[in-house]
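Visitor: Let me give you the structure first, and then I'll get to my questions.
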Amino acid sequence: MICSINEIRAVLRKAAMGSGFPAGLADAIAAAGVWLCAHGRDGLGAVLAAVDGGYEAEVAVERDGATVTFAGARVGRCGPSAFELIAAGDADEVIIEDPDSPTLLEGMAGVASTRTATFVTTPTVDGRFTVVCAAVGEASPFAIRTVVAVDEEQFATASALAARILVPATDESRLSGAGAGLTDND
Amino acid sequence: MRLDRLGSSFPTRLSFMRSLIRQLAAERADVTRPVWEIDDHGFGRAVYSVGLLGHTYSLVAFSTPLAPENRTDRVIAEAWDSSYVIFDGVPTTADLDRLETRVPTQEASRYEDSELSLSRANKSVRLFERMVENLAAGEQPDQQMLTSVGYLMRTTAVYGSGKFGTADRGKYAGRSGMDAPFRVEMLSVWLTRGFTIDLVNHIAACRSPETAVALSEHLQRQLGIGNATGLGMAPFLVSHPILFNNWITARETAIARVVAVEEASPESITRVHELLARARRHVAQWRVEDELQTARISVLESELADVEATLAGWFGDPSPWARLMAEAATWSLETQELIAALLVEAHPALVDDLTAGMSSSTPPRIDGAMSVGSLQEHLAEHFGWAVEIDFGSRDETAQFWYISEEKSEPRLGLRYEESGADLEQPLDVGRRVNALAGALAGADPQESVAGFLLAQPEHRFAVMRVQTVAEHPYSEIRDNLISDRCLPIDMLRAKLAMFGACKFDPKSDRWTRINMYQGAPLFSDIANPAPGFDADDWWLPVLEES
């Protein structure tokens, strides 16, 4: 199935919101998914892996000097923070234990890298992922593909999650919600 | 920008239709019609192609029968009188055959990245058939009837930017001449206007070959394309804060440049006189059924007479435009905004370059390194209006924005009377920033925004809005969009004026009709302009007897 980048962004954002993620995190999740798709990666699968279990606000955070560790981490919840903590100088590295969507973490690294620095996510043998800022300087430009092939089943799953934010129609909402009549033969 | 000022907007020479026509005129763009497969009843398909700076773009039009009971301007419609795509290049017969099975179904089909936009239009029943009858009988249509409607068809949606598989804006935005916002969509509407005129002439000629005449060019120019716009446009202004900022920045910069003129040239004084006279005639022809808008137009008419009288005495004084803008503060918002648009119109050399800065492809981003203290300062500076609102009040939270399961139609609900508020869309920016202010009050000012958001990710959206407005001061509508006073029509008018639309005709507080390209050049005016023809002189068109 061929989709536009904008279409993918919209459905991923809504899918994240439909899974219970707050709007700001949904934006970050969708941006990472789009970055992956634009680079020929499985952005839909990465987002679905991150939002499938729904949203949990709680996250276990441990600090050890300049290292921050997220335990049992949900990438959709703590991923954006990993990059922002490093960018802010609050941490030199962030360790994410047992991430639910390592690929989405890479997408978030791509998005974060486009602004101020190049971020790298590195898997370790014990299932951890380490996020560090590898270099500060010019980042590679955002790749734009105007045609992206996506898995039809994944797109349908994302669309189903996105549909959770739609409000069921009623006769009343049909008549009053949009402020217009039902025929226009004038 | 406040809602009520946005809701008094008028088109300016920075508007997207105007800048497109200037571009086409500069290139003397030639519109051709390589395909016209329309039957005697006006049904079939047609293609219009136009070259612009090395690329060819084609409007592919399909005209189909439509039962009256199915004719609705709503998003929930499933059939239309006509449907269109802008095709990247010139379509082959195979392309046309593919599109013919899909385009008339609109959102129900998938498209390819050779399609840059998707749209549809319905006939103005009262004007279309009458005009066919007149022309078939060898008569030009009645000017009064034409004036009362102003268009043969009205578009009910023009989709771009990758909707339903069409091309992302990124595919063509880097092309010369295509970087302006909504450039493809504006081109689609202008070409559609030409199609509607050809269609009415064709049907009349088929109906009575011996007696039919073509619609006079004079009357053709007085026809625009209608548009019915609902709530779908409103969320766009909120969800594209940097783009919105760039539009308003261009407008405000234009006004500032004009106001800074210390000595008005005789040419500009003459031009302002001409435009003021035109504006008064335009407003005199602007008639709507909506009582509120009718009252506003009445005040505008009266105040424009005052403007003319006021100006007569001091055109030659220093800084007359600054003085006029200062005087305007005593008039209604409609008058203030019309005067601002008029002054911008009169100074093309000062302002036209500003259209180059009205695009944006940059998404807002979180600056995690910012301190909570700095964030608080930005919030206090730009969102003081939101902090002062009591969001515990039912009046301030009376409405909620949502997306209906019916074709994803955007709708507005009453929070305390209807269900669905748990699925509210985040257009409640003021309320969210108000909540952020409360959360920040208990935070360490030295803490980073990154640390704050790790602990309280639910405020991420609001933090982004505050950080964005700190760099883009016109990115927010500074009003509560969920209060019982919020009139979505204000947001619709602001965006439509930015497109270049006029003759706003509100049908409710969340639905309006407008006219696009009324008075604009025809295809032939662009490719082969008559001596002295000015393709850029159609601000606030006046319908005149031939």
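Visitor: Sort out which residues of the stretch B:372-421 are of a type in the set (D, E, K, R) and touching a Lys or Arg at 6+ places or on another chain (Cβ under 9 Å), and write them in order of number.
Guide: B:ARG394, B:ASP395, B:GLU396, B:GLU406, B:LYS407, B:GLU409, B:ARG411, B:ARG415
Visitor: Another question about this same structure. So, in the stretch B:510-521, exactly how many residues are open to solvent by 10 Å² or more (accessible area, probe 1.4 Å) and over 30 Å from B:LEU414 (Cα atoms)?
Guide: Number satisfying all stated conditions: 1.
Visitor: I'm checking my understanding of the structure. Among residues of the stretch B:158-176 that are farther than 16 Å from A:GLU7 by Cβ and under 19 Å from the mean Cα position of the chain (by Cα), which one is farthest from the other protein chains (Cβ to nearest Cβ)?
Guide: B:VAL158
Visitor: I would also like to ask the following. Looking at B:ALA94, B:ALA79, B:ALA121, can you tell me which residue is of a type in the set (Gly, Ala, Ser) and in a loop (DSSP other than H, G, I, E, B)?
Guide: B:ALA79
Visitor: Can you tell me which residues in the stretch B:252-271 are without any contact (Cβ under 8 Å) to a residue 60 or more places away in the chain, open to solvent by less than 40 Å² (accessible area, probe 1.4 Å) and part of a helix (DSSP H, G or I)?
Guide: Hit for the stretch B:252-271 is B:ILE269, nothing else.
Visitor: I'd like to verify a number: residues in the stretch B:223-240 that are surrounded by fewer than 22 Cβ atoms within 10 Å (Cβ to Cβ) and of a type outside the set (A, V, I, L, M), how many?
Guide: Count: 5.
Visitor: When only residues in the stretch B:388-441 that are of a type in the set (Lys, Arg) and surrounded by 15 or more Cβ atoms within 10 Å (Cβ to Cβ) count, which is farthest from B:MET1 (Cα to Cα)?
Guide: Looking at the filtered set, the residue picked out is B:LYS407.
Visitor: Assess whether B:GLU27 counts as being in contact with a strand residue (DSSP E or B) (Cβ under 8 Å, 6 or more places away or on another chain), free of Cβ contacts under 8 Å to residues at least 12 places away in the same chain and either surrounded by fewer than 19 Cβ atoms within 10 Å (Cβ to Cβ) or of a type outside the set (S, T, N, Q) (or both).
Guide: Against the criterion (in contact with a strand residue (DSSP E or B) (Cβ under 8 Å, 6 or more places away or on another chain), free of Cβ contacts under 8 Å to residues at least 12 places away in the same chain and either surrounded by fewer than 19 Cβ atoms within 10 Å (Cβ to Cβ) or of a type outside the set (S, T, N, Q) (or both)), B:GLU27 does not qualify.
Visitor: Another question, then. Tell me yes or no: at least one residue of the stretch B:536-546 is modelled with pLDDT of 95 or more, of a type in the set (Gly, Ala, Ser) and on the phi < 0 side of the Ramachandran plot.
Guide: Checked against the condition, which is being modelled with pLDDT of 95 or more, of a type in the set (Gly, Ala, Ser) and on the phi < 0 side of the Ramachandran plot, the stretch B:536-546 yields no hits at all.
Visitor: Testing B:GLU418 on (1) part of a loop (DSSP other than H, G, I, E, B); (2) away from every other protein chain (no Cβ under 12 Å), one condition comes back false. Which one is that?
Guide: Only one criterion in (1) part of a loop (DSSP other than H, G, I, E, B); (2) away from every other protein chain (no Cβ under 12 Å) is unmet by B:GLU418, namely (2).
Visitor: Same structure, new question: From the residues in the stretch B:462-488 that are open to solvent by less than 20 Å² (accessible area, probe 1.4 Å) and facing chain A (nearest Cβ under 8 Å), which one is farthest from A:ASP90 (Cα to Cα)?
Guide: Per the criteria, the residue is B:PRO488.
Visitor: Continuing with the same structure: Does B:LEU492 satisfy being closer than 17 Å to B:SER15 by Cα and surrounded by 24 or more Cβ atoms within 10 Å (Cβ to Cβ)?
Guide: Yes: the conditions hold for B:LEU492.
Visitor: For the stretch A:140-186, enumerate the residues that are modelled with pLDDT under 75, more than 7 Å from chain B (Cβ to nearest Cβ) and open to solvent by 60 Å² or more (accessible area, probe 1.4 Å).
Guide: A:SER140, A:PRO141, A:PHE142, A:ARG145
Visitor: Regarding the stretch B:130-148, can at least one residue be identified that is within 13 Å of another protein chain (Cβ to nearest Cβ), in a loop (DSSP other than H, G, I, E, B) and among the small types (Gly, Ala, Ser)?
Guide: no
Visitor: Please go through the stretch A:14-29 and pick out each residue that is under 9 Å from the mean Cα position of the chain (by Cα) and under 17 Å from A:ALA156 (Cβ atoms).
Guide: Of everything in the stretch A:14-29, just one residue is under 9 Å from the mean Cα position of the chain (by Cα) and under 17 Å from A:ALA156 (Cβ atoms), namely A:ALA16.
Visitor: Given (1) within 14 Å of another protein chain (Cβ to nearest Cβ); (2) surrounded by fewer than 17 Cβ atoms within 10 Å (Cβ to Cβ), where does B:LYS123 come up short, assuming only one miss?
Guide: It is condition (2) that B:LYS123 fails.
Visitor: In addition: Report whether or not B:MET491 is more than 14 Å from chain A (Cβ to nearest Cβ) and of a type in the set (A, V, I, L, M, F, W, C).
Guide: Taking the combined requirement at face value, the residue does not satisfy it.
Visitor: Checking B:PRO209 against (1) more than 30 Å from B:ARG510 (Cβ to Cβ); (2) modelled with pLDDT under 95; (3) out of contact with any helix residue (DSSP H, G or I) (no Cβ under 6 Å at 6 or more places or on another chain): exactly one of these is not met. Which one?
Guide: (2)
Visitor: So, one more: What number of residues within the stretch A:75-124 satisfy the criterion of being assigned to a loop (DSSP other than H, G, I, E, B), of a type in the set (Ser, Thr, Tyr), closer than 21 Å to A:ALA60 by Cα and more than 15 Å from the chain's Cα centre (by Cα)?
Guide: 1
Visitor: Moving on to the next point. For B:TRP385, all conditions in the list (1) more than 9 Å from chain A (Cβ to nearest Cβ); (2) buried (at least 20 other Cβ atoms within 10 Å of the Cβ) hold save one; what is the number of the exception?
Guide: Single failed check for B:TRP385: (2).
Visitor: Something else now. Using beta carbons and a limit of 6 Å, which pairs, at least six apart or on different chains, have the first residue in the stretch B:165-182 and within 24 Å of B:ARG102 (Cβ to Cβ) and open to solvent by 20 Å² or more (accessible area, probe 1.4 Å) and the second one at pLDDT below 95 and outside any helix (DSSP H, G or I)?
Guide: Close Cβ pairs satisfying both conditions: B:ARG169/B:SER161; B:GLY170/A:ILE144; B:GLY170/A:THR146; B:LYS171/A:THR146.
Visitor: Something else about it: Can you say whether B:LEU96 is within 14 Å of chain A (Cβ to nearest Cβ), modelled with pLDDT of 95 or more and open to solvent by less than 30 Å² (accessible area, probe 1.4 Å), as far as the supplied structure shows?
Guide: no
Visitor: Of the numbered conditions (1) part of a loop (DSSP other than H, G, I, E, B); (2) touching a His at 6+ places or on another chain (Cβ under 7 Å), B:VAL466 fails exactly one; give the number of that condition.
Guide: (1)
Visitor: Further question: Going through the stretch B:509-534 one residue at a time, which ones are within 14 Å of chain A (Cβ to nearest Cβ) and free of Cβ contacts under 8 Å to residues at least 40 places away in the same chain?
Guide: Once the filter is applied, which keeps residues that are within 14 Å of chain A (Cβ to nearest Cβ) and free of Cβ contacts under 8 Å to residues at least 40 places away in the same chain, the stretch B:509-534 yields only B:ASP509.
Visitor: Of all residues in the stretch B:154-205, which are among the aliphatic types (A, V, I, L, M) and closer than 26 Å to B:GLU27 by Cα?
Guide: Passing the criteria: B:VAL158, B:ALA167, B:ALA173, B:MET178, B:ALA180, B:VAL184, B:MET186, B:LEU187, B:VAL189, B:LEU191, B:ILE197.
The values are calculated or read from the model by the stated rules, or taken from the named source; none is laboratory data. Not measured: the values here are computed from a predicted model. Every residue, glycine as well, gets a Cβ built from its backbone with ideal geometry; the counts of neighbours run over all protein chains shown. For accessibility, only protein heavy atoms count, side chains too; no ligands or nucleic acids. Shrake-Rupley method; radii C 1.70, N 1.55, O 1.52, S 1.80 Å.
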